[in-house]
1. Check which residues have an amide H placed less than 5 Å from C:MET80's amide H, if you skip close sequence neighbours.
2. When the Karplus curve 6.51 cos²θ - 1.76 cosθ + 1.60 is applied with θ = phi - 60°, which whole-Hz ³J(HN,Hα) does each residue of segment B:89-103 get, with x for Gly and Pro?
3. To the nearest 10 degrees, how steeply does helix C:167-184 sit against the main Cα axis of chain C, on a 0 to 90 scale?
4. Check C:ILE208: other-chain or 5+ apart residues with amide H under 5 Å from its amide H, H built from backbone geometry?
5. Starting at the first residue of segment C:264-274, write each ³J(HN,Hα) from the Karplus equation 6.51 cos²θ - 1.76 cosθ + 1.60 with θ = phi - 60°, in whole Hz, x for Gly and Pro.
6. Taking the convex hull of the alpha carbon atoms in the protein assembly as shown, what volume per residue do you get, in Å³?
7. Would you please put A:141-148, C:32-39 in order of how densely packed they are, using the mean number of other Cβ atoms within 10 angstrom per residue and starting with the highest?
8. For segment C:63-71, what does the Karplus curve 6.51 cos²θ - 1.76 cosθ + 1.60, with θ = phi - 60°, yield as ³J(HN,Hα) per residue in whole Hz, taken in order and with x for Gly and Pro?
Amino acid sequence: MVENRFWLNLLSHLVLGLGVLLVAFPIWIAFVASTHSAQGLVSGTIPFWPGDLFLENFSQVLSGGNDGSVGVSAMLMLFNSLVMALGISIGKIVISLMAAYAIVFFRFPLRSVCFWIIFMTLMLPVEVRIMPTFQVVANLNLLDSYTGLTLPLIASATATFLLRQFYMTIPPELVEAARVDGAGPVKFLFDILLPLSRTNLAALFVIMFIYGWNQYLWPLLVTTDEHYYTIVMGIQRMLAVGDDEVAWNIVMPTTLLAMLPPVGVVLMMQRLFVKGLVETEK
Amino acid sequence: MAPQLLVTLVFFIWPAGQAVWQSFLVEDAFGLSTEFVWFENYAQIFTDSRYYHTLWTTIIFSAGVTLMSMGVSLLLAVMADQVVRGAQVYKTLLIWPYAVAPAVAGVLWLFMFHPTVGVLAYMLDTIGIEWNHFLDGDQALLLVIIAAAWKQISYNFLFFLAGLQAIPQSLHEAAAIDGAGPGRRFFTITFPLLSPTTFFLLVVNVVYAFFDTFGIIHAVTKGGPGDSTRTLVYNVFDDGFVGLDLGGSAAQSVVLMVLVGLMTVVQFRFVERKVQY
Amino acid sequence: MATLTLDAISKKYPNGHEAIKHLSIDIADGEFIVIVGPSGCGKSSLLRMLAGLETVSSGELLIDGNRVNEKEPAQRDIAMVFQNYALYPHMTVYDNMAYGLKNRGFGKQEIAQRVERTASVLQLDHLLTRKPRQLSGGQRQRVAMGRAIVRDPKVFLFDEPLSNLDAKLRVQMRIEIKRLQRELGTTAVYVTHDQIEAMTMADRLIVINNGAAEQIGTPMDIYDSPQTPFVASFIGSPSMNFLDGELIGDQLRLGSESITLPKKHEFEGAVKVGIRPEHLHRFDHDQERFSLNLNVQLAEPLGADTLLHGVVPGANGADVELTARLRGEYRDVSDEPLRLGLDLNDLHLFDSKTDQRLATC
């Protein structure tokens, strides 16, 4: 800033501190709740400081043997979430990579038609076309399977579009230099394009991983067998009991567990993720 | 190329086509008979006062979420852009809710506002406000708005901060030399230059509030109490999967698709324009 | 090392634009050819056709006598240096140079030998492990050169390789490229819009305008007897001056004056009279048969020379702009016009209608 005013600076830190508190407050409460017994939570006085049942609650959640759970352990649900998130993110990236490559670097008939078909899918979030998509998946006998969980969400106009944007920034002369150097389309993809888009791909991976992990409605619909429950929808299942019977001391640890992997991925790959998110979406 | 097209065709185009087709049909609850009824389903939607109520709820909800989360984010971003030290730390501490699933965000806030066990509900009680979103529709709507806005703060913050940092320092300095104080500089220099980012976020947030918040509403209020938190997307789901009114649900899907289409066009017209300069 | 033959090469784009029109030239082994012309004249299209990056619409392209029209760039055994260098940003200098060799299936040892030899020629030895973004503009330029040289191709193609460098470096690299090409003896085709590069580097020049070769010849040939006003004004700096005149027998009417020319032309009628600024000098009463009165408006001292910009009275009394390049300093402060003289053998005459140089007889 132009003038280095002490009070202005102090105010900024104050506001930011409040912001951080606002953002973190729910987590603190969730954490506190995970360290008390069910009775301790409903008995009227709401605790503000952690209790001593942290380990017990978490081990109960992870093993799944308790009254509040949905019949499977959080371990299995975490695993299912991981399969779904990885399936969606990797699948999306591989498919979009090829699609964007074809769209940008090859001239073929109906090229723009293909592009528009893919582009249209951008306009349709799962939630909007949920009923018919469900019927298609049901007709294909994919309910209660990992394929059914991931495949319908894999085609991603977003990723294709972002990669296309990036590919279009690659100078045509680089492509020509590679041609003169004797690199064919496949060699060009693997020797030049992939190494160049490493950061973009990593950022895309983070975004898509979170997208996949956080899916809610879709797994809710296509899974009736609890062995395919993902953790995010599992929480909803835990809440879907009579209001007084909700075992908050079990739900809250599960919630924390459900947040941990995606939050971890974001924080670990923060730099790449922020760069990818802000630079590619704008 | 081919795989993308295949997946797109099977899971996107086919369902979309089916939605359009089904929106012209009436089916009884057991799927035993089907009748082609042209635009009857659409006529029904647009004469149904409940649908208009849902639309209105959606608009209030979206406006609330957008204003609340963008306001907070802008404030935080401006502050983070000001501080000399620690901006990176604040960034780290503020971005992680991006990764929280909407449904999970909903559950967190549900717990805090829970009439019997919630911390915040308890606090409100001590200052004389009776909080029970299971009974009070307005409170329920406010709750889902807060939860949805909370989750979106990090996204908006990141974009606002990037937008702020893209404004050349020399402009601030020039304005300062021209005699503008910090507040004046913000409204005459920063805010106008930030308008592309603001517009972009406006569209993104409205789309988010319209469609991506299904998880919050479903997990927290299930559209209730009454219809007070029933949004358009929730209505599609509820009419289709709970009410088993396939034709009506499909017709609503088609209406929504058109709506998303319009918003996407607006958004990408904007993106394309940005790309050019 | 190879000869290169262009036989009536044309390039027509689908939108109907004709970028190159029936261009023919035989390029000898080891020759340095510069293609020069204003931007958009089609010179880049021509080079890209030689490289195989663009298809040839009609005509035949031969390298060492073999038709290569349909061959892929990689199969033509050419190497190209791009304007923005087109270095692979994620590869080290070494890998950038080795990439083409790897793709051609050379052994590791051979590649290492060649890269190291080339690197030492270009003084890149100490930079081999760096990435392009860690290099200066001049160094990148050298790597781009190295990538071409290391392959030992039949033909070098240069696409305005110096235009991204600053003036000093450009002069230095210009000399270096020329010297390297001489040493290696590799045929080279070099595209530029810079007439100084064209003059200094070329064995022969192709001056292109609107897709057609206006003139092909050695630099001095083209400087001394440009075939068209376009070539005349494009080659030489500052540009040639043009005055309108009329030729009747051996009499040239220029404004109000009539001059007897030393050589005869088989032409009578309107002509464009070209005068190079450097051929004008201070009027000397004893020798001159011709003089111009320049109203000096601006003097630009260059050190050894001075450029004078001003106007001379033309036909119909209208002023015509004219530039003169005089030796030494110009210190005349009077309002009087400056009298300039000229050796009449240095006049260039062009037919006003056909824009062709007038032949003497």
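1. Long-range HN contacts for C:MET80: C:LEU157.
2. 5, 4, 4, 4, 6, 9, 8, 5, x, 3, 7, 7, 5, x, 4
3. 60
4. Distant-sequence amide H within range of C:ILE208: C:VAL36, C:GLY37, C:GLU214.
5. 9, 10, 8, 8, 9, x, 6, 9, 9, 9, x
6. Details: hull volume 237.1 nm³, N = 920.
Here the figure is 258 Å³ per residue.
7. On the way: A:141-148: 15.1, C:32-39: 21.0.
Top of the packing list down: C:32-39, A:141-148.
8. 10, 6, x, 9, 5, 10, 2, 8, 7
Since every read-out is calculated from the coordinates, none of them should be taken as a lab result. Treat the numbers as computed from the prediction; the structure is a model and nothing was measured. All Cβ positions, even for glycine, are placed from backbone atoms using ideal geometry, and neighbour counts span all protein chains on display.
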